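*Asks:* Dumping the structure here so I can ask a few things about it.
Just so it is clear, none of the values below were taken in a lab; they were calculated from the coordinates. Because the structure is predicted, anything quoted here is derived from the model rather than measured.
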Amino acid sequence: MHACDLCHQLVGEPSSVPPHEHLAASGIAARSNRCKVDSRWRCTGCGAWMYQSTALGEPPNMWRMGARPDDWPDNRG
Ligand SMILES: [Zn+2]
């Protein structure tokens, strides 16, 4: 995957940093106890998946780049 500069710059930043302009909200991951783990974003520019972790995420309170979620249907892009 060749992520764009905007995505690269966001990786490792605190979750308090807002998503960049090309990120589209793509759902929220939660544990079975409904505690929110992270917010999912997909870059409309490069297609990278970005995860905005909460304090329960891994790593906590930080932006990371990751693979497409397992529960994301192919036909949605
Ligand atoms: Zn990007």
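*Asks:* Can you give the helix-only mean residue ellipticity at 222 nm for the chain, where every DSSP H stretch with n ≥ 4 adds -39500 (n - 2.57) and the sum goes over all residues, rounded to the nearest 500 deg cm²/dmol? Mind showing how you got there, number by number?
*Replies:* On the way: 1 runs with 6 residues, N = 77.
Mean residue ellipticity, 222 nm, calculated: -2000 deg cm²/dmol.
*Asks:* If you don't mind, there's one more thing I want to ask. Show log10 I(q)/I(0) for the chain at q = 0.19 Å⁻¹, two decimals, from a solvent-free Debye sum over equal Cα scatterers.
*Replies:* -0.74
*Asks:* Under 5 Å between amide hydrogens, which residues at least 5 positions from D38 or on another chain qualify, with H placed 1.01 Å from N in the peptide plane?
*Replies:* For D38, the qualifying residues are A29, T54.
*Asks:* At a threshold of 8 angstrom on Cα-Cα distance, excluding pairs fewer than six apart, so keeping six or more, what relative contact order does the chain reach in percent? Working shown, then result.
*Replies:* Values: 132 pairs, mean separation 21.5, N = 77.
Computed over the chain, the figure is 28 percent.
*Asks:* May I ask you to compute the full-extension gain from H2 to R31, defined as 0.36 nm times their residue separation minus their alpha-carbon distance, rounded to one decimal in nm? Present the calculation step by step, with values, prior to reporting the outcome.
*Replies:* Numbers: separation 29, 0.36 × 29 = 10.44 nm, distance 2.97 nm.
Between H2 and R31, full extension yields an extra 7.5 nm.
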